[in-house]
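**Q** Quick one: structure below, then a few questions.
The values are calculated or read from the model by the stated rules, or taken from the named source; none is laboratory data. Predicted model only: the values in this text are computed from it and were never measured. FYI the Cβ positions are ideal-geometry reconstructions off the backbone, even for glycines, and counts take in every protein chain you see.
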Amino acid sequence: MNSYFIPSLSFFLFFFFFTFIKAATPSQPPSSCINGTLINKCSTQFQCGTLNGIGYPFWGNNRSSSCGKPELELKCDQNNVPQIQIMSNTYRVLSVPQNQSIRIARMDFWEDICPSSPNDTTLNLNYSISTTRIMSLFYDCPVSDITYPNLFTCVDIDRTTDAYFLNNSTSGNRRQNLEEDCKMKIQVPVLQMAFDRLLRGEIALWEVFREGFDVLYDAEESNCTLCKGSGGECGYDSGTGKSICFRSDYVANCSVGPRGTNTTGGKPVHSSSGGNVKVIVGIVASVAGTLVIAALGIIIFCRLKRKKMKNSENLEAFLKTHGALALRRYKYSDVRKMTDSFQDKLGQGGFGSVYKGKLLDGRMVAVKVLNETKGNGNEFINEVASISRTSHVNVVALLGFCVEGPKRALIYEYVPNGSLEKFIYVEKPLETHSHLGWKTLYKIAIGIAHGLEYLHRGCYIRILHFDIKPHNILLDEDFNPKISDFGLAKLCVGKESMVSMTGARGTAGYIAPEVVSRNFGGVSHKADVYSYGMMVLEMVGGRKNLNVRVTNLSEIYFPQWIYKRLNLKEDLGLYGVTTVEEEEIARKMILVGLWCIQMDPSDRPAMSKVIEMLEGNLQALQIPPKPFISSPAKEEGSSSTTSTS
């Protein structure tokens, strides 16, 4: 909420209290009737967002239509954005300097350089020739194999088209080709300075539109200066179409009688003083209290609104900065259409719900709709910034996204068998599936390791997932694993090996010790290795690693129990192990899992080494040191995903 709002609110409450008391006491004659009222209205200046102190010839909001020219009405939308309607287009008002010009930007181009219905800019005001130029834009052009200069792409749910803007160096032949091939040509004013920066490659096209352009207006400055100097306020006379000066000493159609009376048409009208003062004070106090409560509610609402706006602006800024990531942007109406109005819900996560959908080309997709009330947009940025950089058989593919105000959605490839979590816990087997089998579990473990190794080894940017767990591993029709849900991911740039974090992130039971306490070392890709090891041990045990429901107390913490049996060369007693080959697979997975969950990050293998261990000979693997200090005291039950960084 703007800083001027609270003092204005206090003034309003005082004014209401004063007016109410005034009405209950002997009335005083007004100094004027018509013009006095207009002076009060026209002395109030227009305020909205960062725009304030705007007077004649503008009007709108709390300024009467008599206080400005008809074509210069200003409005303040629900997001506290000042706007002006000029003929067929709505413009965002960027500034109103004192040189009788106004800087505006088209709202449709502010949101998207490919608006749904682009049209010419028609104005009944003059451009500022010294600062503004006209940019020609061609839309709905056929997609070409040749990358011509000044090309940008427009993407809709069912098609992609090319678009172009012209500059002074565009040849006549090229211009003629565009005239013939493209279905739409429009003209948009832009600042000459911004256009020059675009041609030098300093800013993007969308930034040019947001710089706006200048138009001129006539403020009849000399007349209004004289008016204000005489104690009046400048207004607009619709009869003459010129400015008029409202002053309190001009009294029309009313006169002032003796103290205590008003006269209209020469007849005195006596005012009454009656009423009970206590009743009046009680009523005033009640109304004032109600107004204060209402005002506080408005303040809270506006602050929440501003926070949402800030988050949306951050998201848009991120998307513009990372426009080269080549992801398809969908409208929210497209998302609703592809999911058949969110009919088929696949699951629920910490940041939103996932629905089954279908693109126009027949491809099945999974649409993750993020909660509007959770987070500040960081989970969306994390997903787009990280997964959009990937292309690997063991990492789920992000096909597109949607951002419209607070509404956010991510469109992924559809992975039909769902999460690994549904298949590995023997206590809750699927009705139509038995245990996956040790060969399949082994293939899944190796596939996940390859996916993580790919994320960690990036040439310039490495991706740390920070939430590896069975729920975030998806299985395709052949049970090939795909790592998903990058909402807590962090990017490690260049040669950095450690990442900075202000708090723990991940899911209880899979979080590495150093993520919780820096006493165990710095946070790096080894945190994902720890989570991977805990997950592999759950795949082996067919249960949660921490399970307080077991009958034997020694089995509460599975890693400790299996480490003891392995060390003592006892029978592993694992579900479904019936052959020598399955026994070897189980032991190999156990040893790798125990190496991965070592307390000291430096003792854990990198994912490239994990792959080597899994695919190598069992006899080459040594039993690792005891990977824990003692059994965890925390009971099972906390599986929520947390992030404070």
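**Q** Can you name every residue in the range 117-141 that is more than 19 Å from Glu179 (Cα to Cα), modelled with pLDDT of 85 or more and not β-branched (Val, Ile, Thr)?
**A** Arg133
**Q** OK, next. Somewhere in the range 105-120, is a residue basic (Lys, Arg), surrounded by 18 or more Cβ atoms within 10 Å (Cβ to Cβ) and in contact with a helix residue (DSSP H, G or I) (Cβ under 6 Å, 6 or more places away or on another chain)?
**A** no
**Q** Select from the range 82-140 the residues that are on the phi > 0 side of the Ramachandran plot and among the acidic types (Asp, Glu) and list them in ascending order.
**A** Within the range 82-140, Asp140 is the sole residue that qualifies.
**Q** What number goes with the only condition from (1) closer than 27 Å to Ser117 by Cβ; (2) under 31 Å from the mean Cα position of the chain (by Cα); (3) crowded, with 16+ Cβ neighbours inside 10 Å that Gln78 does not pass?
**A** Exception for Gln78: condition (3).
**Q** Sticking with this structure for a sec: Just give me the residues in the range 218-236 being assigned to a loop (DSSP other than H, G, I, E, B), of a type outside the set (D, E, K, R) and either in contact with a helix residue (DSSP H, G or I) (Cβ under 6 Å, 6 or more places away or on another chain) or surrounded by fewer than 16 Cβ atoms within 10 Å (Cβ to Cβ) (or both), in sequence order.
**A** Within the range 218-236, Ser230, Gly231 qualify.
**Q** Taking Lys482 as meeting all but one of (1) assigned to a loop (DSSP other than H, G, I, E, B); (2) at pLDDT 85 or above; (3) of a type outside the set (Ser, Thr, Tyr); (4) closer than 17 Å to Ser419 by Cα, write down the number of the exception.
**A** The one condition Lys482 does not meet is (1).
**Q** Note down all Cβ pairs under 7 Å where the first residue falls in the range 173-197 and is part of a helix (DSSP H, G or I), the second is loosely packed, with under 14 Cβ neighbours inside 10 Å, and they're at least six residues apart or on different chains.
**A** Correct list of pairs: Asp181/Pro142.
**Q** Same structure again: If a residue has to be aliphatic (A, V, I, L, M) and touching a helix residue (DSSP H, G or I) at 6+ places or on another chain (Cβ under 6 Å) to count, how many in the range 392-409 make the cut?
**A** Qualifying residue count for the region: 4.
**Q** Can you pull out every residue in the range 574-611 that is touching an Asp or Glu at 6+ places or on another chain (Cβ under 7 Å) and part of a helix (DSSP H, G or I)?
**A** Answer for the range 574-611, where residues must be touching an Asp or Glu at 6+ places or on another chain (Cβ under 7 Å) and part of a helix (DSSP H, G or I): Pro601, Met607, Ser608, Ile611.
**Q** Looking only at the range 184-212, filter to residues that are at pLDDT 90 or above and charged (D, E, K, R); which one of those is farthest from Tyr139 (Cα to Cα)?
**A** Checking each candidate, the answer is Glu211.
**Q** What number of residues in the range 398-435 are in a loop (DSSP other than H, G, I, E, B) and modelled with pLDDT of 90 or more?
**A** 6
**Q** Tally up the residues in the range 356-397 that are at pLDDT below 90 and not in a loop (DSSP other than H, G, I, E, B), please.
**A** Residues in the range 356-397 being at pLDDT below 90 and not in a loop (DSSP other than H, G, I, E, B): 11 in total.
**Q** So, of the residues in the range 56-75 that are of a type in the set (Gly, Ala, Ser) and within 14 Å of Ile244 (Cβ to Cβ), which turns out to be surrounded by the most Cβ atoms within 10 Å (Cβ to Cβ)?
**A** Out of the qualifying residues, it is Gly68.
**Q** Moving on to the next point. Can you tell me how many residues in the range 514-548 are over 22 Å from Cys492 (Cβ atoms), in contact (Cβ under 8 Å) with a residue 40 or more places away in the chain and part of a loop (DSSP other than H, G, I, E, B)?
**A** Residues in the range 514-548 being over 22 Å from Cys492 (Cβ atoms), in contact (Cβ under 8 Å) with a residue 40 or more places away in the chain and part of a loop (DSSP other than H, G, I, E, B): 5 in total.
**Q** Among the numbered criteria (1) farther than 19 Å from Arg462 by Cα; (2) surrounded by 24 or more Cβ atoms within 10 Å (Cβ to Cβ), which single criterion is violated by Val529?
**A** (1)
**Q** Considering each residue of the range 81-102, count those that are assigned to a strand (DSSP E or B) and surrounded by 14 or more Cβ atoms within 10 Å (Cβ to Cβ), and give that number.
**A** Residues flagged as assigned to a strand (DSSP E or B) and surrounded by 14 or more Cβ atoms within 10 Å (Cβ to Cβ) within the range 81-102 amount to 12.
**Q** Just to be sure before I move on: is Ser608 at pLDDT below 95 and either out of contact with any Cys (no Cβ under 7 Å at 6 or more places or on another chain) or among the acidic types (Asp, Glu) (or both) in the structure I sent?
**A** Here the answer is no, as Ser608 does not meet what is asked.
**Q** Do you know which of the residues in the range 538-565 that are in contact with a Gly (Cβ under 9 Å, 6 or more places away or on another chain) and either modelled with pLDDT under 70 or of a type in the set (Lys, Arg) (or both) is surrounded by the most Cβ atoms within 10 Å (Cβ to Cβ)?
**A** Across the range 538-565, the extreme among qualifying residues is Lys544.
**Q** Here's a follow-up. Taking the stated definitions as given, is Gly487 small (Gly, Ala, Ser), part of a loop (DSSP other than H, G, I, E, B), under 26 Å from Phe342 (Cβ atoms) and at pLDDT 80 or above?
**A** Considered against the rule, which asks whether it is small (Gly, Ala, Ser), part of a loop (DSSP other than H, G, I, E, B), under 26 Å from Phe342 (Cβ atoms) and at pLDDT 80 or above, Gly487 comes out as yes.
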